[in-house]
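K.L.:
Dumping the structure here so I can ask a few things about it.
The values are calculated or read from the model by the stated rules, or taken from the named source; none is laboratory data. Keep in mind that this is a model prediction, so the values were computed, not measured. As a convention, Cβ positions derive from the backbone with ideal geometry for all residues, glycine included, and neighbour counts pool all protein chains shown.
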Amino acid sequence: MFIQKCEKCSNKISWLKVFISIMSGFRNIRCDECKTEYYIIGRYRLLIIVGACFPLFLRSEIIKAFNPQTYSILAILWLIFILLLSPFLLRIYVKN
């Protein structure tokens, strides 16, 4: 888990840039220094989407254990957790 650096100029790619890319539909990320354009690897896109939707897959089992209001709060907290952690988990690459 780390923030990546640009392959060409070694400039750190900020957490905020990656987070904004995720929130805008996995938009490309551009290095501030050398303007190199990076793409998020497909399997990491899938990992984030599945991770964010995980509570929905277990909804019927979780609702049996909790009341619906508690489930909603837990699902929102899980989504926030995944979205805040995701910039550290994914990898980016330069597309030739």
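K.L.:
Listed residues 7, 37; which is in contact (Cβ under 8 Å) with a residue 40 or more places away in the chain, surrounded by 13 or more Cβ atoms within 10 Å (Cβ to Cβ) and over 12 Å from the mean Cα position of the chain (by Cα)?
P.N.:
On the way: 37 fails: surrounded by 13 or more Cβ atoms within 10 Å (Cβ to Cβ).
One residue alone meets the criteria, 7.
K.L.:
A follow-up question, please. Which one is modelled with the lowest pLDDT, of the residues in region 10-34 that are surrounded by 12 or more Cβ atoms within 10 Å (Cβ to Cβ) and of a type in the set (Ser, Thr, Tyr)?
P.N.:
Looking at residues that are surrounded by 12 or more Cβ atoms within 10 Å (Cβ to Cβ) and of a type in the set (Ser, Thr, Tyr), I get 14.
K.L.:
Right, next: For residues in region 18-34 being farther than 19 Å from residue 79 by Cα and not in a strand (DSSP E or B), which is nearest to the chain's Cα centre (by Cα)? I'd like the intermediate steps shown before the answer.
P.N.:
Quick first cut of region 18-34, residues farther than 19 Å from residue 79 by Cα only: 27-34.
With the extra rule that they be not in a strand (DSSP E or B), the set shrinks to 27-28, 31-34.
On the way: 27: 12, 28: 13, 31: 18, 32: 20, 33: 23, 34: 24 Å.
Among those residues, the one meeting the criterion is 27.
K.L.:
Can you tell me how many residues in region 74-96 are assigned to a helix (DSSP H, G or I), at pLDDT below 85 and over 10 Å from the mean Cα position of the chain (by Cα)?
P.N.:
2
K.L.:
From the list 88, 54, 19, 26, which one is without any contact (Cβ under 8 Å) to a residue 24 or more places away in the chain and among the aromatic types (Phe, Trp, Tyr)?
P.N.:
Numbers: 88 fails: without any contact (Cβ under 8 Å) to a residue 24 or more places away in the chain; 54 fails: without any contact (Cβ under 8 Å) to a residue 24 or more places away in the chain; 19 fails: without any contact (Cβ under 8 Å) to a residue 24 or more places away in the chain.
Residue meeting the stated conditions: 26.
K.L.:
Let me ask something else. Answer with yes or no whether residue 56 is of a type in the set (A, V, I, L, M), over 17 Å from the mean Cα position of the chain (by Cα) and surrounded by 13 or more Cβ atoms within 10 Å (Cβ to Cβ).
P.N.:
Details: of a type in the set (A, V, I, L, M): yes; over 17 Å from the mean Cα position of the chain (by Cα): yes; surrounded by 13 or more Cβ atoms within 10 Å (Cβ to Cβ): no.
Here the answer is no, as residue 56 does not meet what is asked.
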